[in-house]
Amino acid sequence: MFKNAKRRSYYPRGDFMNAFIDQDGCIACGQCYSICPEVFGAGENGIAFVSRKQVPKAQEEDALNAEQGCPTSVISLSDTE
């Protein structure tokens, strides 16, 4: 999706990626859970939440695309908890 987006390394220790959402800034556009439904979901009001904190290896690229495509930049991915 975001082919020209810069890739970041989240694994200085070779661990895993964790997903976070600042729900206060979410505008309920649905982009993140459309791109990566394995990691992000929506509440009844449409506000996104993290349904799976540890991003599965198979969904890393989709999670990165969701982070980079978020119009309010409220998604962050990190190797820390």
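For Cys36, what charge total do you get from the other residues with a beta carbon under 12 Å from its beta carbon, if Lys and Arg give +1 and Asp and Glu give -1?
Around Cys36, the surrounding residues sum to -4.
Subtract the Cα-Cα distance of Ser78 and Phe20 from 0.36 nm times their separation in residues, and report this length gain in nm to one decimal.
Between Ser78 and Phe20, full extension yields 20.1 nm more.
Here, each number is a calculation from the coordinates, and none is a lab measurement. Computed from a predicted structure; not experimentally measured. Methodologically, a virtual Cβ is constructed for each residue, glycine included, from the backbone with ideal geometry; neighbour enumeration extends over all protein chains shown.
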